[in-house]
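Okay, structure first, notes after.
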There are 2 protein chains.
Amino acid sequence: MKSASLDRHSFVPLCYQIQHRFLEQIRSGALKAGQPLPSEQQIASRLRVSRMTARHALKGLCSLGVAYSERGRGTFVSRIKLEKDFRQVLSFSEEMRMRGSRPRSTVLAFRKTQPDSQVAEALHLSSKEDVFLLRRVRLADSVPLCVECTHIPVRLCPDLQKTLDPGASLYRTLREHYGVQIDIADEVAEASLASAEEARLLRIPRKAPVFRFTRTAYFRSGEPVEFVKSVYRGDRCKVVNRLTRRLGLGAEGSI
Amino acid sequence: MKSASLDRHSFVPLCYQIQHRFLEQIRSGALKAGQPLPSEQQIASRLRVSRMTARHALKGLCSLGVAYSERGRGTFVSRIKLEKDFRQVLSFSEEMRMRGSRPRSTVLAFRKTQPDSQVAEALHLSSKEDVFLLRRVRLADSVPLCVECTHIPVRLCPDLQKTLDPGASLYRTLREHYGVQIDIADEVAEASLASAEEARLLRIPRKAPVFRFTRTAYFRSGEPVEFVKSVYRGDRCKVVNRLTRRLGLGAEGSI
DNA sequence: TATGTTCAGTTGTCTATACAAGTGGGTGTG
DNA sequence: CACACCCACTTGTATAGACAACTGAACATA
């Protein structure tokens, strides 16, 4: 029998222990794409938990996208690859490290300032609230990839100019010094051409193709944390997304 | 008391009736951003359901992104806007109609063919399986927006050349004639410049900025359904995405 | 052969209850 | 005033059981 028993005194809830066990089996290849997972009943009786606990574990796998359920048939391992480079809410530094590159930054500007109307609207700022403006060239393995201009309300991190090591990760500083945890981000990408200044900073020809991003990041509550405008080289960057069908929102379900 | 009672004989499950009720209240403005929803206990006693049913309804709202829970405090309406134009798995036709434009297509090619290696790999095709190739210029309100080249395994829709009205929605045809329901899509976007042919078809200058997309669409099971390469005008199109932080996947949770 | 039936197994929904653990306010003490 | 403590309320997790609805295969019937 493959199943070592669960740790009922762990501070990790049982359903997550079960979920983690299946994740391991899927990643290791012991459970292959398309294969059925044990039924809720089987999990419940083998591991001596209630069926709802087993079910919760399986549902967790489904919402991660690694499995899917069919009524009357069972729950199966999804055939979809779990590529790691689907865009999540990651900082530039996190993203570069995840793909094995060494991130670095050159600070072009870092000051307190009054937001223009676009920034104020995106961050829901009251009329005279100040923001930090941080403009950087960001490099991976010494190759410049983008020019990024970040705006953060001063209220969220009053003494950022003392605490931020400008070369380090801004997100890490926000997390460790201010408990600021970003959960959601809205992003708009446009295809465009490099201006003269951008071309110089990125070391590409003028009028080379670039992405222009604006990005607003939020807490879980929906309060805005950060507004970023950035320009990425088109020859070294791709935007990878996984889209899913959401049900139950505004437009009615008739599809 | 605001709560009309639930229909216990409806074929709509109770938890979805509850969820729908709150969605209505949020959309109508009766429940505003940041306000607390009733607690699980309150819902349970007011509507005479068990707490788990009430909880299931609230969790559904959370996974839709319209609410969030905080342990010990309650569940609150999210401040995040539910813009409709966040990219879901929508066909060009669906997307255009959602934003109030009239979609149209010009068919450049529609034939059965052998897939090249990129297509075969994306669709997980065995060596000699054929695909339909459908190449179209897609217009919104008579303005050409993109050139799109779709590949679909013949196996999934053997007589597509009879059933497809080439002007109509491909996705609708797939759904209505073959029960093919697409749930997930992976998309890669690049910033690039228009070739001479693309510029002519899209009526833009040569070397104007464009998006190049590749897109693979899947069933819920992860079986690939469709592979698309497309070129979008950079001056009329934006890519809008909402990114969320996912927990529990490959890289460990220490963030 | 073709068709309908039954049946075991599965997920979906629901009930009722219990305890753990975090939040926030109030109270009483020092 | 500051601090510890308690209490009511909240969400998170878990249990045990129930019925509905669906699937697929085995079986019986015409």
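The values are calculated or read from the model by the stated rules, or taken from the named source; none is laboratory data. Note that the structure is a prediction, hence the values are computed from the model and not measured. Using ideal geometry, Cβ is built from the backbone for each residue, glycine included, and neighbour counts are taken over all protein chains shown.
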>> Need pairs with beta-carbon distance below 8 Å; first residue touching a residue at least 12 places away in the same chain (Cβ under 8 Å) and within the stretch B:64-81, second of a type in the set (Val, Ile, Thr) and within 16 Å of DNA strand C (Cβ to nearest atom); sequence gap 6+ or separate chains.
In response: B:67/B:75
> What do you reckon, is residue A:79 of a type in the set (Lys, Arg) and over 30 Å from residue A:39 (Cβ atoms)?
Replying inline: no
> When the residues of the stretch A:57-70 are filtered to those that are assigned to a helix (DSSP H, G or I) and within 10 Å of DNA strand C (Cβ to nearest atom), which remaining residue is farthest from residue A:5 (Cα to Cα)?
Replying inline: A:62
> Could you say which residue among B:240, B:147 is part of a strand (DSSP E or B) and at pLDDT 90 or above?
Replying inline: B:147
> Only one of (1) surrounded by 17 or more Cβ atoms within 10 Å (Cβ to Cβ); (2) away from DNA strand C (no atom under 16 Å from the Cβ) fails for residue A:106. Which number is that?
Replying inline: (1)
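Would you check if there is a residue in the stretch B:164-184 being in a loop (DSSP other than H, G, I, E, B), over 30 Å from residue B:206 (Cα atoms) and away from chain A (no Cβ under 14 Å)? Step through it out loud before you land on a result.
First, pick out the residues of the stretch B:164-184 that are in a loop (DSSP other than H, G, I, E, B): B:164-169, B:179-183.
Add one more test, that the residue is over 30 Å from residue B:206 (Cα atoms), and what stays is B:164-165, B:179-183.
Among the residues that remain, those that are also away from chain A (no Cβ under 14 Å) are: B:164-165.
Checked against the condition, which is being in a loop (DSSP other than H, G, I, E, B), over 30 Å from residue B:206 (Cα atoms) and away from chain A (no Cβ under 14 Å), the stretch B:164-184 yields at least one hit.
For the stretch A:20-70, enumerate the residues that are aliphatic (A, V, I, L, M) and touching an Asp or Glu at 6+ places or on another chain (Cβ under 7 Å).
So the first thing to find is which residues in the stretch A:20-70 are aliphatic (A, V, I, L, M), and the list is A:23, A:26, A:30-31, A:33, A:37, A:43-44, A:47, A:49, A:52, A:54, A:57-58, A:61, A:64, A:66-67.
Scanning the stretch A:20-70 gives A:54, A:58.
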> Looking only at the stretch B:1-38, which residues are within 13 Å of chain A (Cβ to nearest Cβ), buried (at least 16 other Cβ atoms within 10 Å of the Cβ) and outside any loop (DSSP other than H, G, I, E, B)?
Replying inline: B:15, B:17, B:18, B:19, B:21, B:22, B:23, B:26
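Evaluate the stretch B:114-133: report whether one residue or more is closer than 22 Å to residue B:239 by Cα, of a type outside the set (Asp, Glu) and either assigned to a loop (DSSP other than H, G, I, E, B) or away from chain A (no Cβ under 14 Å) (or both).
Just the residues of the stretch B:114-133 that are closer than 22 Å to residue B:239 by Cα, to begin with: none.
Scanning the stretch B:114-133, I find no residue that is closer than 22 Å to residue B:239 by Cα, of a type outside the set (Asp, Glu) and either assigned to a loop (DSSP other than H, G, I, E, B) or away from chain A (no Cβ under 14 Å) (or both), so the answer is no.
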> Out of (1) away from DNA strand C (no atom under 12 Å from the Cβ); (2) exposed (fewer than 12 other Cβ atoms within 10 Å of the Cβ), what's the single condition that is false for residue A:41?
Replying inline: (1)
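How about the stretch B:109-137: which of its residues are over 19 Å from residue B:223 (Cβ atoms), more than 24 Å from the chain's Cα centre (by Cα) and surrounded by 14 or more Cβ atoms within 10 Å (Cβ to Cβ)? Before you say what the answer is, go through the steps one by one.
Kept after step one, since they are over 19 Å from residue B:223 (Cβ atoms), are these residues of the stretch B:109-137: B:109-114, B:116-117, B:133-137.
Restricting the remaining residues to those that are more than 24 Å from the chain's Cα centre (by Cα) gives B:109-114, B:116-117.
Correct list: B:110 only.
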